[in-house]
Amino acid sequence: TTHYLFFIADNDAGKSNNLKLFNILAYRNLMNTSMTHANIYNFLGPREEGVGTICIDEAERIDEYLEIMSILKSGYTKGFPVVRMVDTSNGRKQVKFNTYCFKALAGEKLPDEIEARGFMQRTLVIKCFPGFPKYDISEVTDPAGDDEYQDLLQELNELRNLLFCYR
């Protein structure tokens, strides 16, 4: 099984920057602000479980999307794919889609406690606060020729490779 992370705070507190760091370090990461269940099914696919990471930004209303909530409630443990009918060139066919993988979300408020109860039971909430870090992850990931940022990006890439080895 795996837990989920939910970064919560007002604007300018670093929620999205936390997801940007996951975007760099995580294996096969899909990061988006308006993700649909079809995006998730297509990304995780029918083959091997747990090979991707999903980061959803601006997720404060995630509880309003029943299909995504279903994925979040079932996707914390292996062995529970979702079966859907898909259109193919030969007609319709039944396909299983994996939902298991590590997921991190960020938003200005938590989802409704009743609507998202199963999801919240599997989630670690991390409150973010404004700060003044020495480096901005957005500048590090796009060094624009700056040698110092380029060195930091190289360090992050080396860490990513090391994490991948231990995965």
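Observations
- Single residue of the stretch 61-110 satisfying the filter (basic (K, R) and over 30 Å from P130 (Cα atoms)) that is most open to solvent (accessible area, probe 1.4 Å): R92
- Positions within the stretch 29-83 being hydroxyl-bearing (S, T, Y) and under 20 Å from V95 (Cβ atoms), in sequence order: T36, Y41, S70, S74
- Residue in the stretch 51-60 that is open to solvent by 60 Å² or more (accessible area, probe 1.4 Å) and over 15 Å from the mean Cα position of the chain (by Cα) present: no
- Pairs where the first residue, in the stretch 127-141, is modelled with pLDDT of 90 or more and the second is assigned to a loop (DSSP other than H, G, I, E, B), C-beta under 6 Å, 6+ apart: C128/A9; C128/A13; C128/G14; F129/A13; P130/D12; P130/A13
- Residue in the stretch 33-40 that is in contact with a Phe, Trp or Tyr (Cβ under 6 Å, 6 or more places away or on another chain), within 30 Å of Q154 (Cα to Cα) and touching a residue at least 12 places away in the same chain (Cβ under 8 Å) present: no
- Selection from the stretch 111-162 of residues that are in a helix (DSSP H, G or I), open to solvent by less than 80 Å² (accessible area, probe 1.4 Å) and among the aliphatic types (A, V, I, L, M): M120, I137, V140, L152, L153, L156, L159
The values are calculated or read from the model by the stated rules, or taken from the named source; none is laboratory data. From a predicted model like this one, the values you see are computed outputs, not experimental measurements. Cβ sites come from the backbone with ideal geometry, for glycine too, and all protein chains shown count toward neighbours. The accessibility values were calculated without ligands, DNA or RNA, using every heavy atom of the protein model including side chains. Shrake-Rupley method; radii C 1.70, N 1.55, O 1.52, S 1.80 Å.
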